[in-house]
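Peer 1: The structure's right below; bear with me while I get my questions together.
The values are calculated or read from the model by the stated rules, or taken from the named source; none is laboratory data. Treat the numbers as computed from the prediction; the structure is a model and nothing was measured. Because the Cβ atoms are built from the backbone with ideal geometry, glycine has one as well, and the counts that use them run over all protein chains shown.
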Amino acid sequence: MSNTLPKDFESFSKARAQGFVKMKELKESGKNVVGVFCTYTPREIFLAADLVSVGLCSVSDETIADAEKVLPRNLCPLIKSSYGFAYTEKCPYMYFSDMIVGETTCDGKKKMYELLGELKKVHIMQLPQRQDDEQSKDMWYKEVLLLKERIEREFNVVITEKNIKEAIKLENEVRVSLKEFSELSKLVPPPITGLEQLKILFGSDYKFDVKEKIEEVKNITKKIKTDYDNGERKVNKNLKRILVTGCPIGGATEKVVSAIEESGGVVVVYENCTSMKKLELLVDEKEADPYRAIADRYLKIGCSIMTPNNRRLDLLSSLIEEYKVDGVIEMTLTACITYNVETSTIRKFLESKKVPFMTLETDYSSSDTAMLKTRAAAFIEMLG
Amino acid sequence: MNMSDITESKYFVGIDLGSTMCKAVLFLENNLVDKEIVKTGYNHVASARDVFSTLLKRNNVDEKNIIVSSTGYGRELIDFASKSYTEITCHSLGALHLDSSIQAVIDIGGQDMKAIKIEDGKAQNFIMNDKCAAGTGRFLAMALEKLEIQFEDIDKHVEIESSIKINNTCAVFAESEIISLIAQNKNRYDIMSGVIHSIALKVSQMISKFELSKDKNILLTGGLYASDIIRQIIENTIKYRVITSKYSQFAGSIGAAILTYNNHIKK
């Protein structure tokens, strides 16, 4: 297996770091920035208002100690760390965000946003906890409209129907391009490793020119496919094909992917919000009311903060089949109540489908890498 | 496989490099020939080399005829092993080699403890506690030291029932609790029984996630196997049949050797 990333990957793996400078330049050129935390946040609204939006979910434990001056220790590391970056002003994206949009997703985030509101301008959308009834759909539709109004007011812009429809089209194209990229790993063996796939998926969020991003992702997909068709095989066909599910993966939690891929496995697909959870659904471009289309699409996302979370089971089923998955490994973050409680449902569901399953609970520290490796290796050895 | 491989018998060495003890076994084909155990020293790899060369010298075996595999916490440090496997896989296969009818393995190591559910001749599920000393050999060692009891004396003086309950699961806090019990002039063997009950309780919590049968045996591996009182207290606490083998401490290294043998004959 090649240890060097192809050149094209470099622009993605460095995107987050290089994005700092890019963002500064964008701000200096007069652009405004909205920071977001969640896959439920409708990015189309920001794009339509010609704003740059960037994900603020932190993936490093660097600021956790500082966050713990204010937040309790027994809290999700993503929440602590993200808050910590605002508190210490260490994250340029947080720093440059003119406004932050959060949702009432999990309790931890909900309460953290109150404290974040003391440091930055925060707009909170009230996300329903159910997905299928008219009441919840209407509630979310109203929240999307409220967001639109707030953005227009805050940034002194008018979002026309043309703006929003074009934004919908573009964001759908982004989803399609990233999904097609991910689908390369349906091949047996996959053309790239899970870590390489993650670099593109994760890095793509830090590419702020949407049209350029779509082009780059399409080009890299084409190149990988061409090389594969020409016989290039960088991944050993004997590696066990693993689906990763659970909490978002990136940065500090890449250790889980490394543990899998250093122990005889290759991650072929991520069900979590780093990938499929946010890529599988498109906004209906034919729906007359674009805001209705946006609200309906986003509300469908299958996250453990919803009750029940049936969509996750459906998505897992189809991904396991499409990607010819040998085993499912879940990563939950310490103190993530919703995912940790949902583990039991996922276990029962996968047992009924006779799909091997293991859950790994971890945080942002690097002290448990050996333990993760032993468990991942044992799981893969059990796949026989 | 060429002709010379068929006629020449192969030796297999499985090395289980644990954090506390380094165990190794020598197999001739799939028969256990010899075993060796040393304390894992500061230089882990040296301990592994130590047991390896002892086995070779004692049995007059040429290094050329051996395939070495490793397991345990230090499995990847052993550069002279051709393959390494996790202790979960090795303990399962090793335990099955010792008793093919078992339904699970409970391994209480020096610094960790694990339970492995066995089904269809292999590991099907496992639970590990490697985050703290509760329920591990370290916990027991601390108690033995504080109470000034030798491990070998447990079976002579410690009773299965104890009037003392150790309330703290954390080894550090439990140590304070033991000291205060000593100060209250409680009987040392009674305290020891309480400590063993505490370990058994942790085992019970660990295996509560498995679906087990009352009609099958669970094999206890790891250094604590040598005490029948410990075995009985665990059995009474978890309410499933617990057995040991005189090779219990070598289950991991046996599994590594067997696994390598099985892979070798497949070729």
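Peer 1: Restricting attention to the stretch B:51-85, which residues are surrounded by fewer than 20 Cβ atoms within 10 Å (Cβ to Cβ), touching a residue at least 12 places away in the same chain (Cβ under 8 Å), within 14 Å of another protein chain (Cβ to nearest Cβ) and under 23 Å from B:Gly223 (Cα atoms)?
Peer 2: B:Leu77, the sole residue that qualifies.
Peer 1: Moving on. Quick one: count up the residues across the stretch A:227-247 that are assigned to a helix (DSSP H, G or I) and either touching a His at 6+ places or on another chain (Cβ under 6 Å) or closer than 23 Å to A:Ala15 by Cβ (or both).
Peer 2: 1
Peer 1: When A:Met139 is evaluated against the numbered criteria (1) in contact (Cβ under 8 Å) with a residue 60 or more places away in the chain; (2) more than 30 Å from A:Glu215 (Cα to Cα); (3) among the hydrophobic types (A, V, I, L, M, F, W, C), which criterion, by number, is the only one it fails?
Peer 2: (1)
Peer 1: Same structure, new question: A:Glu216 passes all but one of (1) out of contact with any Pro (no Cβ under 6 Å at 6 or more places or on another chain); (2) in contact (Cβ under 8 Å) with a residue 40 or more places away in the chain; (3) closer than 30 Å to A:Asp289 by Cβ; (4) not in a loop (DSSP other than H, G, I, E, B); which number fails?
Peer 2: (3)
Peer 1: Filter the stretch B:147-159 for residues that are assigned to a loop (DSSP other than H, G, I, E, B) and β-branched (Val, Ile, Thr) and give the result.
Peer 2: B:Ile149, B:Val158
Peer 1: Kindly provide the set of residues from the stretch B:123-135 that are out of contact with any Phe, Trp or Tyr (no Cβ under 7 Å at 6 or more places or on another chain) and away from chain A (no Cβ under 14 Å), ordered by number.
Peer 2: B:Ala134, B:Gly135
For every residue, the table says whether it meets (1) over 14 Å from the mean Cα position of the chain (by Cα); (2) of a type in the set (Val, Ile, Thr); (3) within 16 Å of B:Ser248 (Cβ to Cβ).
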site	(1), (2), (3)
B:Leu28	yes, no, no
B:Thr71	no, yes, yes
B:Ala81	yes, no, no
B:Tyr85	yes, no, no
B:Leu98	no, no, yes
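Peer 1: May I pose another question? Only one of A:Lys207, A:Lys222 is among the basic types (Lys, Arg), part of a helix (DSSP H, G or I) and more than 15 Å from A:Val268 (Cα to Cα). Can you tell me which?
Peer 2: Going through A:Lys207, A:Lys222 in turn, just one is among the basic types (Lys, Arg), part of a helix (DSSP H, G or I) and more than 15 Å from A:Val268 (Cα to Cα): A:Lys222.
Peer 1: Same structure again: May I ask you to list the residues in the stretch A:359-374 that are β-branched (Val, Ile, Thr), part of a helix (DSSP H, G or I) and either within 11 Å of another protein chain (Cβ to nearest Cβ) or touching a Leu at 6+ places or on another chain (Cβ under 9 Å) (or both)?
Peer 2: Residue satisfying the conditions is A:Thr374 alone.
Peer 1: From the list A:Glu149, A:Glu196, which one is out of contact with any helix residue (DSSP H, G or I) (no Cβ under 8 Å at 6 or more places or on another chain) and not β-branched (Val, Ile, Thr)?
Peer 2: One residue alone meets the criteria, A:Glu149.
Peer 1: Name the one entry in B:Ile88, B:Ile118 that is β-branched (Val, Ile, Thr) and either in contact with a Phe, Trp or Tyr (Cβ under 7 Å, 6 or more places away or on another chain) or away from every other protein chain (no Cβ under 13 Å) (or both).
Peer 2: Every option except B:Ile88 fails the conditions.
Peer 1: So, one more: Restricting attention to the stretch B:14-49, which residues are under 27 Å from B:Met142 (Cα atoms), surrounded by fewer than 20 Cβ atoms within 10 Å (Cβ to Cβ) and not aromatic (Phe, Trp, Tyr)?
Peer 2: Of everything in the stretch B:14-49, those that are under 27 Å from B:Met142 (Cα atoms), surrounded by fewer than 20 Cβ atoms within 10 Å (Cβ to Cβ) and not aromatic (Phe, Trp, Tyr) turn out to be B:Ser19, B:Thr20, B:Ile37, B:Val38, B:Lys39, B:Gly41, B:Asn43, B:His44, B:Val45, B:Ala46.
Peer 1: B:Ile160 passes all but one of (1) in contact with a Ser or Thr (Cβ under 9 Å, 6 or more places away or on another chain); (2) of a type in the set (Val, Ile, Thr); (3) within 14 Å of another protein chain (Cβ to nearest Cβ); which number fails?
Peer 2: So B:Ile160 meets the others, but not (3).
Peer 1: Identify, please: which residue in the stretch A:338-358 is of a type in the set (Lys, Arg) and not in a helix (DSSP H, G or I) and is, among those, surrounded by the fewest Cβ atoms within 10 Å (Cβ to Cβ)?
Peer 2: By that ranking, first place goes to A:Lys354.
Peer 1: Exactly one of (1) modelled with pLDDT of 95 or more; (2) assigned to a loop (DSSP other than H, G, I, E, B); (3) over 15 Å from A:Pro42 (Cβ atoms) is unmet by A:Val266. Its number?
Peer 2: So A:Val266 meets the others, but not (2).
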